[in-house]
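The values are calculated or read from the model by the stated rules, or taken from the named source; none is laboratory data. The structure presented is a predicted model; accordingly, all values stated were derived computationally and were not measured. Note that each Cβ is placed from the backbone with ideal geometry, even for glycine, and that neighbours are counted across all protein chains shown.
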2 protein chains.
Amino acid sequence: MDYIFSDKVSGMKPSAIREIFKSLTDKSIISFAAGNPSPLSFPVEQMHAVADRIFAEEAASAFQYGITEGYPRLREQIAHRLKTKFGIGTDNDETIITTGGQQGIDLTAKVLCNEGDTVICENPSFIGALNAFRSYNTELVGVDLEPDGMSIESLENALKTHPRTKLIYVIPTFQNPAGITTSYAKRKAILELAEKYGVIILEDNPYGELRFAGEDVPTIKSLDKNGTVVYCSSFSKIMSAGMRVGFLCGPKEIIQKVVVVKQVNDVHTNQFFQMLASHFIEEYGLDGHIKKICELYRHKCSLMLSELDKNLAGKAVFTRPEGGLFIWLTVKGGDGDDIARRAIANKVAVVTGSSFNPVQGGHSDSVRLNYSTPSDEQIVEGVKRLSQIF
Amino acid sequence: MDYIFSDKVSGMKPSAIREIFKSLTDKSIISFAAGNPSPLSFPVEQMHAVADRIFAEEAASAFQYGITEGYPRLREQIAHRLKTKFGIGTDNDETIITTGGQQGIDLTAKVLCNEGDTVICENPSFIGALNAFRSYNTELVGVDLEPDGMSIESLENALKTHPRTKLIYVIPTFQNPAGITTSYAKRKAILELAEKYGVIILEDNPYGELRFAGEDVPTIKSLDKNGTVVYCSSFSKIMSAGMRVGFLCGPKEIIQKVVVVKQVNDVHTNQFFQMLASHFIEEYGLDGHIKKICELYRHKCSLMLSELDKNLAGKAVFTRPEGGLFIWLTVKGGDGDDIARRAIANKVAVVTGSSFNPVQGGHSDSVRLNYSTPSDEQIVEGVKRLSQIF
């Protein structure tokens, strides 16, 4: 039989990153290509203790269907923490549990975007989000990232020239892939422009709590008084990625539509792990555990930076992140695709910058390096291998 | 801010069933409205033993990102069981793990259907699937169910008059809501028509293993030699609904597109419970546990039938299922909406047949009763309450 696929997905291919993952079954390759949290960051012992209690005392509800909005106590805990710790959420906002942050992005696009509508995003940006937008046949428009965030002039120009813009997608803190944190001034400017043009902002903040240096910058959502921002985050980088528990906080009207499409997408998120996350917060809190993860990543990041300084100074420039998972390495006039190819031939995997282009097929002179997944020994050896290709 | 939603979701509302669920916080109401497995059907003790081992020995992979296709060993186990036990799957078929059967339905629709395309389904049919199809702005065409399955004449007529048909959605075994099992002859006829018109069949079979009387009828997928059928099922009714683990088995080309959209939908299904299901199968097998569930439902079904016989003979007719979760009760010339309304006023919840209409707002003279969730006492008392409204 000849299969005919829908227009929205017929051109879609597995992401470059995903294909790299598959090549990583070769154990001789050191991977700086992942976006994975360190396995050392999972609070296994505490999760096990909480799980035992759920098995013993709450199995009947943990293994039964739950409500689409999510486990009620967990929603309350998240809303409370967002409000008290980060000033996020007004009386008109609601919180919904999603199957990882990725589902929050996917379903927000589904409820807001018709085919042919425009989504404005940072250039470069997170490939998982870009592909989610593509899967609804939207037009992606990239706005170049400067060291303090999107070019505001280019953003306004994009809004002016694309009247069908429905969404501005941004990762303001420890951006993936570029590691950039958008300044406070630019956050305000992005919000003002969104309000002026009547466009929703989807603020994706999976890394925001992983700060190991510098000062917090308020989220765009915390500045939002008029219901312009949908805020997306998850437990993937602060507890476990494999459990797929994330959340959205946004205007009631939008969240209620997300509930309707989530119901037909997966009914609800894994009930056991919603309860586990909730009981974990109740019993241990999140802050202490997150602090430990930050210490771990501070160490790994500074190790990778000092190895890069030693081995690649003068050959490439690279960001010096204050948090998150990634270093962005640029060779002026270079070719990221070529660097990534030669790197893998030398048994170290990095991701070419061009994978993160909103408009596919473009050029990039950069590659993305991840320091959270490899061991210390792998960081040292991997940077050595990388330097050998220059 | 005024929110403008995408055309595909702007008209969608939370499902009637979901709203009934919410009303069920009133503990004085006996619910025959759910589609939930019995809490007695969860193999809690064995799941706990397996979970302990994962926490102790495999936490690093259970809490990390996994691959989109699913935990490799579980995919093999499912493919093997489908092939050896049910004759399902050819060399050109692949299996993918989904976040419940619901996600399998949603993503199959996403990869195959453009807005305005037609999905043909049984009338009545499963509301979660109908709403998933609606959420991609497809046109639903219902084909009336006869006691042995879809009217084949009406199906061919629908195919002839709807040239944009992309999908025929059927639940051939213990259909939800009507409890009907499609005959072998009609299964073959549906497959032949799908091939003749070049349309994919989505065969949804979440209840097929819950047979407590009569003889198995081969699945449509087991008859499929030409890659016409995508088969969807899940662990929801045979292990746990709350864990959200389902699967699709279908032609490679289609499954590979499903992988691409699943990747941007939720990256992968909860890793821990994929491993748990896999280890459970390895250690305990599924057949013995499923047999116990069938015994439980045989008892509950026959209790509800005997109470209906006692209390409602002559006032209503009802199906006598050989498996599954539902009894379909019809009052010739009656009004299901009215019955459901009067039932809830008398503290017993049932679902009106009109919720299951592919074309919303139609009339139905039936209601759906569930016997898996209520206790024996609730079945006796609930049928009494139901009989009082006639």
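For the structure I just gave you, tell me whether B:Ala316 is farther than 27 Å from B:Met150 by Cα and crowded, with 17+ Cβ neighbours inside 10 Å.
No: the conditions fail for B:Ala316.
Of the conditions (1) modelled with pLDDT of 95 or more; (2) more than 9 Å from chain B (Cβ to nearest Cβ); (3) not in a helix (DSSP H, G or I), A:Glu115 clears all except one; give me its number.
(2)
Give the stretch A:288-330 a look and list any residue that's of a type outside the set (A, V, I, L, M), closer than 23 Å to A:Ser236 by Cα, touching a Lys or Arg at 6+ places or on another chain (Cβ under 8 Å) and not in a loop (DSSP other than H, G, I, E, B), or say none.
Matches in the stretch A:288-330: A:Cys294, A:Gly323, A:Phe326, A:Trp328.
Inspect all residues belonging to the stretch A:278-286 and state whether any of them is among the hydroxyl-bearing types (Ser, Thr, Tyr) and within 13 Å of chain B (Cβ to nearest Cβ).
No; the residues of the stretch A:278-286 include none that is among the hydroxyl-bearing types (Ser, Thr, Tyr) and within 13 Å of chain B (Cβ to nearest Cβ).
Look through the stretch B:188-227, keep the residues that are basic (Lys, Arg) and closer than 19 Å to B:Gly250 by Cα, and return whichever of them is surrounded by the most Cβ atoms within 10 Å (Cβ to Cβ).
B:Lys221
Based on this model, can you work out whether A:Ser135 counts as surrounded by fewer than 24 Cβ atoms within 10 Å (Cβ to Cβ) and without any contact (Cβ under 8 Å) to a residue 12 or more places away in the chain?
Here the answer is no, as A:Ser135 does not meet what is asked.
For a quick check of your reading of the model, give me the residue pairs whose first member lies in the stretch B:99-114 and is in the same structural domain as B:Ile254 (by TED's automatic domain parsing) and hydroxyl-bearing (Ser, Thr, Tyr), whose second is buried (at least 24 other Cβ atoms within 10 Å of the Cβ) and part of a helix (DSSP H, G or I), with beta-carbon atoms closer than 7 Å and at least 6 apart or on different chains.
B:Thr99/A:Asp266; B:Thr108/B:Val258
Being within 8 Å of another protein chain (Cβ to nearest Cβ), touching a residue at least 12 places away in the same chain (Cβ under 8 Å), assigned to a loop (DSSP other than H, G, I, E, B) and under 18 Å from B:Phe42 (Cβ atoms) is the filter here, so list the residues in the stretch B:240-277 that pass it.
Passing the criteria: B:Ser240, B:Ala241, B:Met243, B:Arg244, B:Asn270.
Might you check whether a residue that is touching a helix residue (DSSP H, G or I) at 6+ places or on another chain (Cβ under 9 Å), under 18 Å from B:Tyr65 (Cβ atoms) and modelled with pLDDT under 70 occurs anywhere in the stretch A:23-35?
Checked against the condition, which is being touching a helix residue (DSSP H, G or I) at 6+ places or on another chain (Cβ under 9 Å), under 18 Å from B:Tyr65 (Cβ atoms) and modelled with pLDDT under 70, the stretch A:23-35 yields at least one hit.
Inspect all residues belonging to the stretch B:327-339 and state whether any of them is among the small types (Gly, Ala, Ser), crowded, with 16+ Cβ neighbours inside 10 Å and not assigned by TED's automatic domain parsing to the domain that holds B:Glu215.
yes
Go through the stretch B:208-236 and report how many residues are within 11 Å of chain A (Cβ to nearest Cβ) and over 18 Å from A:Met1 (Cβ atoms).
Qualifying residue count, the stretch B:208-236: 3.
Restricting attention to the stretch B:113-126, which residues are within 21 Å of B:Ser6 (Cα to Cα) and under 19 Å from the mean Cα position of the chain (by Cα)?
B:Val119 - this is the single residue of the stretch B:113-126 that is within 21 Å of B:Ser6 (Cα to Cα) and under 19 Å from the mean Cα position of the chain (by Cα).
Mind listing whichever residues of the stretch B:343-390 are assigned to a strand (DSSP E or B) and over 24 Å from B:Ile293 (Cβ atoms)?
B:Val348, B:Thr352, B:Ser366, B:Val367
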